[in-house]
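Have a look at the structure below before the remarks.
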Amino acid sequence: KQWYQRRVAITAGDKTRQEKIVISISYILIVFCTTVQITLVQWEIGLLAFCLLPTAVLTTMVMSNFWKCVWIDSTVRTLSEVPSIQTVGWRYCPYSGCSGSVPTNSRHCHTCDTCVIQRDHHCHFTGGCIGKRNLPYFVVLATTLFGLSVLFNFTNLIYIVTHETPGTLLITIVAPIQIVWYVLGFVSVVHCMVSINISISLVALIGSSVLLYHEYNLIFYNKPYLTRSMPIESSGVVNISKMERIREVFGKRWYKFYLDPTHQTKYQKSTGATRVM
């Protein structure tokens, strides 16, 4: 008997209202910062011709991979209610969300109330778990978001140096102060928008740096599920190179994830039920 999982793309009904709000706000902030960068910051400092193309490419990659992380499902929706002793290579999950046989390389998420294949973590920004099916997109999302944050902070730094004085520096980089100043009529709406962009870019740079280090550190040194299918040395260290670890997560054509925002895995290309194993 074959064991199947439901469609890869989950429906909007699986997202709660709070998760939909967080996802919508995330998209709005990306569009807002990109628009401010192009129309106000990069144009004002005279670097629009040099920064427009990388801004467009990185923004497209960020939004595309964020969308894939949101809508590609890595959870196990098994049809089986047979104990693991009757399902070769599977195990039995006792939690109410599963109550059946699941792959041995899955872990139960109590937030999603189901098991997730090669579970990495539960992401509240995407409203779901990051696992085998959407982990490549999440890693590329962290990478391209870091690159976009570096670009934005570079142009913001040039804008601050050329347009701000030491006395207004703190007010400019701290958005809440700038918003209060705008409400009181001390600064223009343009200055306020640039200040909000600067604050969001700084937060994004710090957050993406931590996330990038965390994800690649797990892939290269401490990814638990990699030990399930790879040879292990007597010391307990997985005997594979870093490139092989990359291929374990992304596949043989790993570079396409970083170059093509429309690139799909074999799981995403499936339009119906797809095999888990």
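The values are calculated or read from the model by the stated rules, or taken from the named source; none is laboratory data. Predicted model, so just to flag it, every value in this text is computed and none were measured. A quick note on method: Cβ atoms are made from the backbone with ideal geometry, for glycine too, and the neighbour counts reach across all protein chains shown. Heavy atoms of the whole protein, side chains included, go into the accessibility calculation; ligands, DNA and RNA do not. Shrake-Rupley method; radii C 1.70, N 1.55, O 1.52, S 1.80 Å.
For the range 106-212, with all protein chains in place and a probe radius of 1.4 Å, 77% of the accessible heavy-atom surface sits on carbon or sulfur. Ordering of 34-44, 112-122 by packing is 112-122, 34-44, highest average first (other Cβ atoms within 10 Å, averaged per residue). With 0.36 nm allotted per residue and the present C-alpha distance subtracted, the S241-H121 stretch has 40.8 nm of extension available.
Just subtract the alpha-carbon distance of I206 and W67 from 0.36 nm times their residue separation and send over the number in nm, one decimal. Numbers along the way, then the final one.
On the way: separation 139, 0.36 × 139 = 50.04 nm, distance 2.16 nm.
So the extension gain works out to 47.9 nm.
In a fully extended conformation the segment linking Y221 and E44 would gain 59.3 nm over its present Cα-Cα distance, using 0.36 nm per residue. The listed peptides 147-155, 182-190, 45-53, ordered by packing as a protection proxy, come out as 147-155, 45-53, 182-190 (highest mean of other Cβ atoms within 10 Å first).
Determine, for each peptide in 54-63, 247-256, the mean count of other beta carbons within 10 angstrom over its residues, then list the peptides with the highest first.
In decreasing order of mean packing, 54-63, 247-256 become 54-63, 247-256.
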